[in-house]
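The values are calculated or read from the model by the stated rules, or taken from the named source; none is laboratory data. Worth saying up front: this structure is predicted, and the values here are computed from it rather than measured. As a convention, Cβ positions derive from the backbone with ideal geometry for all residues, glycine included, and neighbour counts pool all protein chains shown. To get the accessible areas, we keep the full protein, side chains included, count just its heavy atoms, and leave off ligands, DNA and RNA. Shrake-Rupley method; radii C 1.70, N 1.55, O 1.52, S 1.80 Å.
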Amino acid sequence: MNPLYAGMGTTVFEAMSARARETGAINLGQGFADGRGPEAVLRTAARALLERSNQYPPMPGLPELRRAVADHYARHQGLNLSPEEVIVTSGATEALAASLFATIAPGDEVICFPPLYDAYAPLIRQAGGVPVFVRLGPPEWRIDIAALEAAISPRTRVLLLNNPLNPTATMSSADELAAVAACCVAHDLIAICDEVWEHVTFDGARHLPLIGFPGMRERTIKIGSAGKIFALTGFKVGWMCAAPHLAAVLAKAHQFLTFTTPPNLQWAVAEGLQTQDDWVQAARHRFQAGRDRLRQGLEAAGLVTLPSVATYFLSVDLAASGIALGDMAFCDRLISAGVVAIPVSAFYPEDPVANIVRFCFVKEAATLDAAIERIAKASFA
Ligand code: PMP
Ligand code: GLN
């Protein structure tokens, strides 16, 4: 067996959701929203399943969806992508795999920034690459540009950035992105930018795509996910956007991963991108209210929270809250009290920061209130 997989555990999101299913605890772990998503998207998916083709769609995606993605980014982010520069994938996870497989040759180094999404390091290694970690530190989680420069070697080929960042719920600033872009240009790196949370931003914050920075149009692979835009995580429809010389190779990697994605879901997402801007904006307000509700409840229970300006997540700083337990032990204790959360140490491939716990707040108010009540009653001494 491949030692990479034989030696690893089940992803923390699945493990924690399984414990929620087993115990009946309220699941504020894995990131998914309550609710059905936009009705028009669901109806288009259902109608297309019954009335349109269910045979292989074109390998790079349905033309309608590739155009809708390009138009969407022109409208929201001022980008000038052509439909040919969009490759549809089965979720951002497949886009990450295809991007890494397409860009890494054995021995190439890939810069990434812990805390990072748990799929990154295994995918880099499976591609034959060597992950090089440039750590971000709480509470700001900013990239130390000097540390980034110091981590670059003649073998560095790719920089993998997640913005907005899961699990820290922060967004890169314009200055930070400009510095990262300058570094990519100076060292001739390809940037893979995982922007799945681009629309889940709060307090009026505006997402800036790395591909829009000087020198980045030709060297950035921008990854998106309909699962996040429409709060339909089970859809697993995503995409990679990149200049033609990159997109051509990305398509080669994609053709031997999944080849295509169910056509009814592609039509539904195309419809959503064209017509559901109001739904996305309303969801943003709903999610922000959930964030505020959970934050107030946790703070009233004596827990210290970290800032959250994007994503579905709010974190508690255990040390600052006067709790001596590590994040794993805290989460175990929390499950006994009837609530599931995610230990942020799971986002570190090495030397974890182990005193931060992530909660998902995109739930009904009553669910958040019930969770808060259980947390307030629990003992973490
Ligand atoms: N990247 C990040 C940073 C994520 O948080 C997630 C899922 N929440 C993904 C990728 C995977 O997205 P998808 O479900 O579209 O594969
Ligand atoms: N990205 C989601 C989260 O951070 C989980 C995705 C998954 O379970 N694969 O909660």
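Laid out as a table, the results:
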quantity: Difference of contour (0.36 nm per residue) and Cα-Cα distance, GLU364 to GLU140; calculated: 77.8 nm
quantity: Label-point gap, in nm, between TYR5 and ARG333 - each point 7 angstrom along Cα→Cβ; calculated: 3.8 nm
quantity: Computed magnitude of the charge dipole of the chain (debye, nearest 20; Cβ of K, R +1, Cβ of D, E -1); calculated: 600 debye
quantity: Long pairs among LYS228/LYS252; LYS222/LYS363; LYS252/LYS363, criterion Cα-Cα beyond 30 Å; calculated: LYS252/LYS363
quantity: Accessible area of ASP203 in the full protein assembly, 1.4 Å probe (Å², nearest 10); calculated: 90 Å²
quantity: Residue range of the chain that is longest and free of chymotrypsin sites (Phe, Trp or Tyr not before Pro) which are both DSSP loop and sparsely packed (at most 16 other C-beta within 10 Å); calculated: 1-255
quantity: Simple spin-label estimate for ARG21 and MET59 in nanometres, 7 Å along Cα-Cβ; calculated: 3.5 nm
quantity: Per DSSP, loop GluC sites (Glu not before Pro) in the stretch 128-187 with at most 13 further Cβ within 10 Å; calculated: GLU140
quantity: In range of the label at ARG293: residues from the stretch 1-37 whose backbone nitrogen is under 12 Å from the point 7 Å along Cα→Cβ; calculated: 34-35
quantity: Computed lengthening from ALA378 to ASP188, 0.36 nm per intervening residue step minus Cα-Cα distance; calculated: 63.2 nm
quantity: Hz values of 3J(HN,Hα) by residue in the stretch 248-258 - Karplus curve (6.51, -1.76, 1.60), Gly and Pro given as x; calculated: 4, 7, 4, 4, 5, 5, 4, 5, 10, 9, 10
quantity: Karplus (6.51, -1.76, 1.60) ³J(HN,Hα), θ = phi - 60°, over the stretch 188-201, in Hz, Gly and Pro reported as x; calculated: 6, 9, 8, 9, 9, 10, 7, 10, 4, 8, 4, 9, 9, 10
quantity: Mean-position separation - Cα centroids, the stretch 345-381 and the stretch 187-237, in angstrom; calculated: 26 Å
quantity: Listed residues ALA18, ALA341, ALA251, most fluctuating in the chain (Gaussian network, C-alpha, under 10 Å); calculated: ALA18
